[in-house]
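Undergrad: Let me give you the structure first, and then I'll get to my questions.
The values are calculated or read from the model by the stated rules, or taken from the named source; none is laboratory data. All figures in this text were calculated on a predicted structure; none of them were measured in a lab. We place every Cβ from the backbone using ideal geometry, glycine too, and count neighbours over all the protein chains shown.
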Amino acid sequence: MNVKQPVRGFRDACRLEGELVARDFPPYEKSHCRISIGTIDEMKTAVAVFAKALAAAPAKGC
């Protein structure tokens with residue numbers, strides 16, 4: 001998933017909300033993260049957390 005920002009900050013913001021995002025995956029750690037697909041209810045929750053995490057830290061220079 002292209003988060004258009006360093007993955008570390010996105011991953012940390014998701015973790016604070018109880019959603020885990022996979023480790024850095026060089027050479028894409030500056031813009032992409034790996035996520036796993038769950039049930040539809042799990043994904044609805046994850047997408048809401050992703051939106052919140054992305055809104056909290058606007059992309060810079062990606």
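Undergrad: Only one of these is assigned to a helix (DSSP H, G or I) and modelled with pLDDT under 90: 15, 8. Name it.
TA: 8
Undergrad: If we keep just the residues of region 33-43 that are at pLDDT 90 or above and among the charged types (D, E, K, R), which is nearest to residue 53 (Cα to Cα)?
TA: Among residues in region 33-43 that are at pLDDT 90 or above and among the charged types (D, E, K, R), the one nearest to residue 53 (Cα to Cα) is 42.
Undergrad: A further question follows. Checking residue 50 against (1) touching a residue at least 12 places away in the same chain (Cβ under 8 Å); (2) under 9 Å from the mean Cα position of the chain (by Cα); (3) surrounded by fewer than 16 Cβ atoms within 10 Å (Cβ to Cβ), which test does it fail?
TA: Failed condition: (3).
Undergrad: Find all pairs meeting these conditions: Cβ atoms under 6 angstrom apart; at least six residues apart or on different chains; first residue within region 1-25 and under 16 Å from residue 45 (Cβ atoms); second residue in a loop (DSSP other than H, G, I, E, B) and not β-branched (Val, Ile, Thr).
TA: Once the first residue is under 16 Å from residue 45 (Cβ atoms) and sits in region 1-25, its partners that are in a loop (DSSP other than H, G, I, E, B) and not β-branched (Val, Ile, Thr) give 1/33; 21/33.
Undergrad: Picking from 52, 60, 30, which residue would you name as being at pLDDT below 90 and touching a helix residue (DSSP H, G or I) at 6+ places or on another chain (Cβ under 9 Å)?
TA: Only one candidate qualifies: 30.
Undergrad: Is it the case that some residue within region 27-39 is part of a helix (DSSP H, G or I) and β-branched (Val, Ile, Thr)?
TA: No, region 27-39 contains no residue that is part of a helix (DSSP H, G or I) and β-branched (Val, Ile, Thr).
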